[in-house]
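Structure, as structure tokens:
The values are calculated or read from the model by the stated rules, or taken from the named source; none is laboratory data. Quick caveat, the model's predicted, so the values are computed rather than measured. Cβ atoms come from the backbone with ideal geometry, glycine included; neighbour counts cover every protein chain shown.
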Ligand code: GDP
């Protein structure tokens with residue numbers, strides 16, 4: 001592949017709802033460009049972008065994939081288009097963020113049959129938040145019930161103004177045979193090989209097309225004072241001039257061109273590639289904002305994609321390749337990154353050598369000796385560089401701020417199958433995390449569990465399949481144990497006594513303890529109110545230690561004891577047989593007895609849950625929260641058709657909320673959860689809690 005010039009590079013994220021045809025569209029573009037002999041099929045597992053076994057099994061994209069190709073556009077210039085296919089499923093939204101962090105254009109794929117779906121809305125919102133220019137491709141125009149006009153209306157109704165149709169389908173559904181080019185007023189008829197020739201417009205679309213053409217010209221010139229003036233004085237700008245103006249409006253995210261066709265039959269595919277080149281921004285149009293300097297002194301600066309500038313690369317994705325190990329995908333933000341160049345990871349300070357530069361196309365490695373500003377490249381085996389890192393020359397502390405990973409909403413505890421799996425687990429998890437920053441691993445010392453958290457059950461399931469396939473580590477999963485605690489509701493006294501005098505040196509200690517409840521969250525208070533030295537001062541620390549250790553290891557119900565005041569008010573000792581050990585044991589025995597008499601109860605963690613759902617789901621979601629023993633603090637309309645509900649809900653009831661809320665709201669509900677406080681567990685649930693805590697079900 002030739003080294004392109006920066007202004008001829010187009011980095012395009014393909015985004016949209018799962019099943020809208022993104023992966024098939026990438027195949028169609030690659031086939032039309034002659035990169036693959038014939039397009040692969042998602043169902044056969046033969047596509048360039050869905051190459052991982054987990055993706056083939058599920059026939060869906062689970063991580064982003066890049067597919068570069070060269071394209072000679074209708075303006076006669078040759079471009080390099082880097083397609084970045086993204087997963088449409090919400091569990092893998094982190095990769096959508098990563099793709100958008102390097103894309104200069106997002107191509108929103110919408111099915112002409114299904115229209116705007118939940119994944120379409122989610123992708124649009126992310127593109128808007130990331131400030132990425134957008135274009136829409138209405139796909140599946142060949143399918144029964146395809147309806148371009150309905151989709152266009154829906155786009156405008158859902159997302160607002162700015163959608164400009166540049167094409168109309170000629171004969172929808174199985175009669176689809178071409179497209180009307182609104183800008184040039186032409187009909188384009190397609191051959192089975194995906195090539196087209198111009199024909200006069202069929203009579204049934206000619207009128208509509210002419211009306212749209214006039215509207216389009218007016219819409220475009222309205223964005224350019226000079227063209228508007230000429231237009232008003234009766235001069236119609238040429239198609240090339242209109243395209244140039246529209247390209248500026250696309251860059252400014254004022255207009256969103258809408259194209260159409262079929263990834264399956266090839267209609268409209270070459271025109272899509274043309275428009276990506278002619279209307280899509282180049283990396284040179286979109287400088288990157290980076291942080292320069294250290295700590296509080298850091299300032300934001302804009303870096304232009306200038307191939308003569310200082311080399312600067314941003315690692316937006318790391319993948320584990322079975323043959324070469326870790327592969328870092330990067331975008332060159334400025335300068336040119338050459339083979340064997342030494343750059344520094346500005347987060348860790350580690351010097352990295354760029355040996356073995358290549359471009360990835362699906363799984364294929366296309367070697368190269370340099371990657372210029374704006375282009376996407378790959379390098380294997382960096383020593384200490386993960387996703388989100390910036391590589392810069394020595395003494396150039398510049399950092400790209402990566403998009404924050406989505407907050408994990410679902411977790412499972414991992415149980416290695418064998419000792420060998422156990423030994424390899426933590427290293428393998430670390431590598432998995434370097435690949436996917438949306439995963440989190442947590443070791444809970446209290447419950448002894450290793451917990452893997454992510455964006456949903458599928459995300460975790462797929463990650464565990466990768467753990468087994470790539471790193472040979474097999475695990476079973478179990479629910480995350482809820483960290484229950486216990487406390488007392490009453491007051492009590494007890495005497496802890498150790499007396500052992502069977503020959504030789506004996507053991508003797510007595511500690512009289514009084515326990516009383518503290519307020520929730522106050523923890524533990526130890527009071528020494530011994531008078532007259534009934535327990536000599538030097539043994540008091542041992543008494544306290546015995547109490548603290550017993551509280552930590554578990555009280556009457558077997559859970560750590562909290563919110564208790566323990567007073568040691570009396571005791572006895574023996575000048576020869578008493579020891580620290582004896583007092584520790586006596587205190588422990590005394591505490592256990594006192595707690596048992598003081599109405600011990602189990603405490604459960606209560607989370608503060610914030611849920612945002614479409615208004616029409618509000619009733620169901622509130623009813624469901626009630627069934628989960630939730631207490632609603634507030635409900636509030638957000639004014640955009642959604643309601644925010646804030647509630648206190650026991651953590652034990654939220655284990656699978658990510659999955660259940662998704663099914664309750666058709667994927668439109670989102671939530672966040674933070675620990676709030678501990679509260680008394682109803683006594684009829686105590687047995688269940690104890691069973692869950694010991695790993696039984
Ligand atoms: P993705 O999840 O968005 O990547 O969608 P896929 O590319 O996996 O496509 C989902 C399904 O739609 C597959 O069965 C494709 O064969 C089918 N499909 C994709 N594009 C078209 C199209 O233009 N026309 C028709 N009839 N089917 C299509």
Filtered residue count, segment 240-269, keeping only those that are under 28 Å from the mean Cα position of the chain (by Cα), closer than 20 Å to residue 132 by Cβ and within 16 Å of the ligand (Cβ to nearest atom): 1
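What are the residues in segment 359-376 that are out of contact with any helix residue (DSSP H, G or I) (no Cβ under 7 Å at 6 or more places or on another chain) and either surrounded by fewer than 19 Cβ atoms within 10 Å (Cβ to Cβ) or assigned to a loop (DSSP other than H, G, I, E, B) (or both), if any?
Within segment 359-376, 362, 363, 364, 365, 366, 367, 368, 369, 370, 375 qualify.
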Residue check, residue 43 within 14 Å of the ligand (Cβ to nearest atom), surrounded by fewer than 24 Cβ atoms within 10 Å (Cβ to Cβ), at pLDDT below 95 and not in a loop (DSSP other than H, G, I, E, B): no
The listed residue being at pLDDT below 95 and over 19 Å from residue 21 (Cα atoms), out of 166, 176, 183, 188: 183
Selection count, segment 143-170, where residues are within 16 Å of the ligand (Cβ to nearest atom) and touching a helix residue (DSSP H, G or I) at 6+ places or on another chain (Cβ under 8 Å): 7
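Condition (residue is in a loop (DSSP other than H, G, I, E, B) and free of Cβ contacts under 8 Å to residues at least 24 places away in the same chain) applied to segment 452-467: is it met by at least one residue?
For segment 452-467, residues in a loop (DSSP other than H, G, I, E, B) and free of Cβ contacts under 8 Å to residues at least 24 places away in the same chain: absent.
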Within segment 117-142, considering residues that are under 22 Å from residue 208 (Cβ atoms) and in contact with a strand residue (DSSP E or B) (Cβ under 8 Å, 6 or more places away or on another chain), the one farthest from the ligand (Cβ to nearest atom): 135
Selection status of residue 299, free of Cβ contacts under 8 Å to residues at least 12 places away in the same chain and either surrounded by 24 or more Cβ atoms within 10 Å (Cβ to Cβ) or touching a strand residue (DSSP E or B) at 6+ places or on another chain (Cβ under 9 Å) (or both): yes
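How many of the residues in segment 663-684 are without any contact (Cβ under 8 Å) to a residue 60 or more places away in the chain and either under 12 Å from residue 484 (Cα atoms) or not in a loop (DSSP other than H, G, I, E, B) (or both)?
Residues of segment 663-684 that are without any contact (Cβ under 8 Å) to a residue 60 or more places away in the chain, as a first pass: 663-665, 669-670, 682, 684.
With the extra rule that they be either under 12 Å from residue 484 (Cα atoms) or not in a loop (DSSP other than H, G, I, E, B) (or both), the set shrinks to 663-665, 670, 684.
Residues in segment 663-684 being without any contact (Cβ under 8 Å) to a residue 60 or more places away in the chain and either under 12 Å from residue 484 (Cα atoms) or not in a loop (DSSP other than H, G, I, E, B) (or both): 5 in total.
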Filter result (closer than 30 Å to residue 689 by Cβ and free of Cβ contacts under 8 Å to residues at least 24 places away in the same chain) within segment 518-553: 552, 553
Residues located in segment 606-636, provided they are under 15 Å from residue 670 (Cβ atoms), part of a strand (DSSP E or B) and touching a helix residue (DSSP H, G or I) at 6+ places or on another chain (Cβ under 9 Å): 609, 611, 613, 614
Qualifying residue in segment 377-386 (condition: farther than 27 Å from residue 100 by Cβ and assigned to a strand (DSSP E or B)): no
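Kindly state which strands (runs of 3 or more DSSP E) lie completely within segment 488-591 and contain at least 3 residues that are buried (at least 17 other Cβ atoms within 10 Å of the Cβ).
492-500, 507-517, 564-572
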Residue within segment 59-68 that is touching a strand residue (DSSP E or B) at 6+ places or on another chain (Cβ under 7 Å) and more than 16 Å from the ligand (Cβ to nearest atom) present: yes
Residue under evaluation residue 639, criteria (1) in contact with a helix residue (DSSP H, G or I) (Cβ under 8 Å, 6 or more places away or on another chain); (2) at pLDDT below 90, criterion not met: (1)
Helices (runs of 4 or more DSSP H) wholly inside segment 88-188 that include at least 1 residues being within 26 Å of residue 670 (Cα to Cα) and within 21 Å of the chain's Cα centre (by Cα): 93-100, 118-130
Single residue of segment 305-337 satisfying the filter (outside any strand (DSSP E or B) and in contact (Cβ under 8 Å) with a residue 60 or more places away in the chain) that is farthest from residue 102 (Cα to Cα): 322
Pairs with Cβ under 8 Å, 6+ apart, first in segment 15-42 and in contact (Cβ under 8 Å) with a residue 60 or more places away in the chain and within 19 Å of residue 112 (Cα to Cα), second near the ligand (Cβ under 6 Å from one of its atoms) and assigned to a helix (DSSP H, G or I): 15/22; 16/22
The one condition in (1) more than 26 Å from residue 651 (Cα to Cα); (2) in contact with a helix residue (DSSP H, G or I) (Cβ under 6 Å, 6 or more places away or on another chain) that residue 571 fails to fulfil: (2)
For residue 191: the one exception among (1) in contact (Cβ under 8 Å) with a residue 12 or more places away in the chain; (2) closer than 21 Å to residue 24 by Cα; (3) away from the ligand (no atom under 16 Å from the Cβ): (1)
Residues of segment 75-87 satisfying the condition of being outside any strand (DSSP E or B) and within 14 Å of the ligand (Cβ to nearest atom): 86, 87
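Assess whether residue 50 counts as being surrounded by 23 or more Cβ atoms within 10 Å (Cβ to Cβ), within 13 Å of the ligand (Cβ to nearest atom), in a loop (DSSP other than H, G, I, E, B) and free of Cβ contacts under 8 Å to residues at least 60 places away in the same chain.
Against the criterion (surrounded by 23 or more Cβ atoms within 10 Å (Cβ to Cβ), within 13 Å of the ligand (Cβ to nearest atom), in a loop (DSSP other than H, G, I, E, B) and free of Cβ contacts under 8 Å to residues at least 60 places away in the same chain), residue 50 qualifies.
Per-residue answers, yes or no, for (1) over 30 Å from residue 87 (Cα atoms); (2) touching a strand residue (DSSP E or B) at 6+ places or on another chain (Cβ under 9 Å):
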{"site": "455", "(1), (2)": "no, yes"}
{"site": "468", "(1), (2)": "no, yes"}
{"site": "475", "(1), (2)": "no, yes"}
{"site": "504", "(1), (2)": "yes, no"}
{"site": "525", "(1), (2)": "yes, yes"}
Segment 7-23: number of residues that are in a strand (DSSP E or B) and either at positive phi or near the ligand (Cβ under 7 Å from one of its atoms) (or both): 1
